[in-house]
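Structure, as structure tokens:
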Amino acid sequence: NSELSQPAFSICSALLVGYDDEIDSEVMQSFSHSGTLHILSVSGMHTGVLYAILIFIFSKFDKYDRYKKTKLLFVLFFLLLFILVTGLSPSVLRAALMLSLVLIGKTFYKQGNAYNTLLLSAFLLLLINPYLIKDVGFLLSYAAVFGIMYLYPLLAKLYVFENKIVQWLWTSVLISVAATVFTLPISLYFFHQFPIWFVFSNLVIIPISMFIMLGAALFLVVYKIVFLNHLLVYVINISTSIMLWLAQLSDNPNYGFIDFVAFSKSDCLFMILTIALILIVVTQKQYKHVLVLCSIVIVWLSFSIFNTYEQKQKNEFVVFN
């Protein structure tokens with residue numbers, strides 16, 4: 001009864017609670033080819049926004065931070081509620097657990113290490129459900145966060161812009177690159193495609209998606225006020241149309257994305273080793289590491305050539321039943 005368009009309704013449902021069954025397959029494909037499919041699933045970004053809102057609300061009632069334990073219970077309760085509403089999404093579980101551990105540390109005056117917190121959250125989730133180790137969302141979520149934590153600070157040192165807006169755009173680009181580098185082996189292995197314009201797409205589509213998500217949340221609060229109701233519906237419908245148009249710009253196999261990438265388990269392993277060695281070479285700048293990197297690349301290429309030759313020698317008979 002909201003008068004939202006069908007695309008707007010389906011995308012708002014996905015952004016707020018992770019319900020993406022209503023989204024058209026062509027829309028999903030467009031977001032996938034633009035490298036922004038992650039925004040249509042409730043992720044750590046959404047959990048972080050909720051966490052920030054909860055902390056902000058509590059700070060208004062407790063300006064001098066006297067009731068730390070009450071704040072802890074308040075935040076933990078709503079994070080747990082959000083986890084249940086979103087269907088125990090691996091990325092939400094990861095983010096909620098990490099934020100909970102950080103808040104518990106602050107409440108009891110303990111300063112934690114970011115990598116330890118990340119690994120502890122992964123350990124606890126795997127302790128509850130070991131099969132998450134085979135979940136693509138779980139792997140991508142942790143790889144992306146680890147990439148941002150490790151690679152982004154290195155990239156951020158390369159150049160700093162004086163203009164705040166330009167610096168914000170530059171930071172967004174670097175975060176996107178850092179996350180993509182660490183998730184690339186996993187995404188190529190499972191999805192066999194690479195979005196060429198992922199930096200540009202993330203730069204323009206993520207802010208619009210955040211705006212739509214906040215608009216949808218506000219709509220749920222003020223839906224009985226007729227004037228605001230219609231105004232928000234109009235804004236959300238227009239914003240969704242713009243976001244879909246931007247996502248479809250790169251949905252072209254000629255220039256938008258590379259599809260059907262042949263990528264095996266061995267390729268995935270070699271790429272992970274190559275990325276790790278490149279980072280070691282960049283940070284430590286030692287000749288022996290360069291030699292090891294070159295050796296790994298030569299072995300990888302040799303292995304790929306051998307596999308290609310072996311496959312061409314095979315005859316295969318496929319029965320579609």
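So for the stretch 145-249, Kirkwood radius off the Cα pairs, Stokes-Einstein at 10 °C and 1.306 mPa s: how many µm² s⁻¹?
In µm²/s, the coefficient is 98.
In order along the stretch 200-212, phi translates into HN-Hα couplings of 4, 4, 5, 5, 9, 7, 4, x, 5, 5, 5, 5, 5 Hz, rounded to whole numbers, per the Karplus curve 6.51 cos²θ - 1.76 cosθ + 1.60 with θ = phi - 60° and x for Gly and Pro.
Can you compute the charge dipole magnitude of the stretch 76-199 about its Cα centre, using +1 on each Lys and Arg Cβ and -1 on each Asp and Glu Cβ, nothing else charged? Give it in debye, rounded to the nearest 20. If you can, show how the numbers build up before the last one.
Working: 6 positive and 2 negative charges, 43 e Å.
Here the size comes out at about 200 debye.
3J(HN,Hα) along the stretch 12-17, derived from phi through the Karplus expression 6.51 cos²θ - 1.76 cosθ + 1.60 where θ = phi - 60°, amounts to 4, 4, 5, 5, 7, 10 Hz, with x in place of Gly and Pro.
The accessible-area ordering, largest first, of the residues TRP300, TRP245, TRP197 stands as TRP245, TRP197, TRP300, per a 1.4 angstrom probe. Considering only ASN229, ILE272, SER250, and ranking their Cα positions along the charge dipole of the chain that arises from unit charges at the beta-carbon of Lys, Arg, Asp and Glu, the one farthest toward the positive end is ILE272.
Of all the stretches in the chain, which is the longest one without any exposed loop site, taking trypsin sites (Lys or Arg not before Pro) in a DSSP loop (any state but H, G, I, E, B) with at most 12 other Cβ atoms within 10 Å?
Numbers: sites that count: LYS63, ARG66, LYS110, LYS157, LYS224, LYS285, LYS314.
Answer from the scan: 158-223.
Starting from the Cα of THR283, move 7 Å in the Cα-to-Cβ direction to define the label point; list residues of the stretch 143-174 whose amide nitrogen is under 13 Å from there. Flagged as within label range: 146-155. Among the listed pairs LYS68/LYS164; LYS134/LYS265; LYS106/LYS157; LYS68/LYS224; LYS69/LYS110, which have their C-alpha atoms separated by more than 23 angstrom in this model? Cα-Cα > 23 Å for LYS68/LYS164; LYS106/LYS157; LYS68/LYS224; rest within. The VAL17 and ILE225 beta-carbon pair, evaluated with R₀ = 25 Å, returns a calculated FRET efficiency of approximately 0.65.
Using alpha carbons only, the radius of gyration of the stretch 1-160 set against its Kirkwood radius gives Rg/Rh = 1.01. Taken about its Cα centre, the chain carries a charge dipole of about 1520 debye when Lys and Arg each add +1 at the Cβ and Asp and Glu each add -1 at the Cβ. About the centre of its Cα atoms, the stretch 213-321 shows a dipole size close to 320 debye [charges on the beta carbon of Lys, Arg (+1) and Asp, Glu (-1) only; nearest 20 debye]. When the charge dipole of the stretch 90-240 is built from unit charges on Cβ atoms (+1 for Lys and Arg, -1 for Asp and Glu) and taken about the Cα centre, the candidate among ALA144, TRP197, ALA114 whose Cα reaches farthest toward its positive end is ALA114. If you wrap the chain in the convex hull of its Cα atoms and look at it from every side, the mean projected area works out to 22.7 nm².
Between the residues VAL281, CYS294, TYR309, the greatest Cα displacement towards the positive end of the dipole of the stretch 260-321, with unit charges on the Cβ of Lys, Arg, Asp and Glu, is found for VAL281. Each stretch of four or more DSSP H residues adds -39500 (n - 2.57); spread over every residue of the chain, this sum gives -25000 deg cm²/dmol at 222 nm.
The values are calculated or read from the model by the stated rules, or taken from the named source; none is laboratory data. Note that the structure is predicted; figures quoted are calculated from it, not measured. Cβ sites come from the backbone with ideal geometry, for glycine too, and all protein chains shown count toward neighbours. Just the protein is used for accessible areas: all its heavy atoms, side chains included, with ligands, DNA and RNA removed. Shrake-Rupley method; radii C 1.70, N 1.55, O 1.52, S 1.80 Å.
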